[in-house]
Amino acid sequence: MTPIELSNLYQRLRTRVSIHCPNSCDEISLPLPSDFGDELAFYRLVIWGYALVNEAAKIPLEFLTKLPPLKSDNAFRNEMTTLRTYVAHNLDISKKRDQKTYVFVHRWFKYACGRGTPDSAAHYGDCCTCLADKLQVVLNGAIEACDLLDDPEDGPRLVTDLKGRIDLAWEAHRFDPLVEKCAARLGNPGLDLLAIRSKHLEKWRSVLSQADENERERVLEQRIEADILEAIGDALPQIIRENLQRVATSTDATVAALLLLRETRRISTMTLPQIVELVSSHVLDHVNSEVEANPVDDSN
């Protein structure tokens, strides 16, 4: 398998899929190496393969490789992700997650070239060949699975399913109006909404794909609102956090505080920190009144 043959194989897949789902497989702007002969070629192949399975053809490829003939799971996609983490990130051996990456990759090298740590162009050439062969199997399997999309009986159902998955794979920016809407409703105290979206993007996509068709926006808004509330809580000053703790540790006053919170949100435009301050003051007054009404008998 040469770089040109691998590139042509992907173009063949794009053509087959586009018959039923136009523009569902993107071009890969990252160039493949001119040959599979050294360390740099391996790094470029890893990054190209990652772009293939996790970006350019993520939804169609994942869908097609679960059909015959491959009937595969996400093992290869996870393999590409781990290899890409190794070649493109600064790993910290003291962190358990990075330790697992090192263990996986050095075992992978041992399998691919016979050395846990490649130290020659020939070794990396063998790694390139191993990885290119794996990519070839995945692409050939996906192309063969496209025959099922053409089937007169099962094809329409499969195409509808694939289109539905593609439609629900929202681009990141499509979440922004909902994020802004939820933040405004909560009295956003200057949070970095882009950072919140980036942190929770995959989770929101999962919520979107699993929700009932008629409930998607409501369910997604609930999830986004919960994540923004968590971010607001993390960003609150210490004094406000102490107020929240005061509310949480008060028993009889909790219901009254929650009712006050609901009423405050209904009739005013106060920010969340202001509401927390108001509620905590209400709870403290309530607790103090209980103490005054029930003085402690310390005569003993």
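Any read-out appearing in this document is the output of simple, stated calculations on the displayed coordinates, not a laboratory observation. Since this is a predicted model, take the numbers as computed values, not measurements. Glycine also receives a Cβ, built like all others from the backbone with ideal geometry; neighbour counts cover every protein chain displayed.
Quick notes
- Summing charges over all other residues whose Cβ lies under 14 Å from the Cβ of R218, with Lys and Arg as +1 and Asp and Glu as -1, gives -2.
- Distance between the C-alpha centres of the stretch 193-236 and the stretch 162-188: 8 Å, rounded to the whole angstrom.
- Unit charges on C-beta of K, R, D, E only; dipole of the stretch 60-219, Debye: 920 debye
- Net charge, A41 excluded, C-beta distance under 14 Å - Lys, Arg +1, Asp, Glu -1: -3
- Of the cross-linked pairs K58/K163; K100/K199; K66/K163; K58/K203; K163/K199; K66/K134, those separated by over 18 Å at the C-alpha level are K100/K199; K163/K199.
- Long-range tail of P(r) for the stretch 1-81 (Cα pairs > 15 Å, %): 60 percent
- This ranking places V179, V103 by how few other beta-carbon atoms lie within 10 Å of each, fewest first, which gives V103, V179.
- Sorting I228, I59 from the fewest to the most surrounding beta carbons within 10 angstrom yields I59, I228.
- With Rh defined as the Kirkwood radius, the inverse of the mean 1/r over Cα pairs, the Rg/Rh of the stretch 137-204 is 1.25.
- Contour excess over end-to-end distance, with Cα ends at A172 and E202 and 0.36 nm allotted per residue: 9.9 nm
- Positive-end extreme of charge dipole, the stretch 37-163 - chosen from Q136, F63, Y102 (charges on Cβ): Y102
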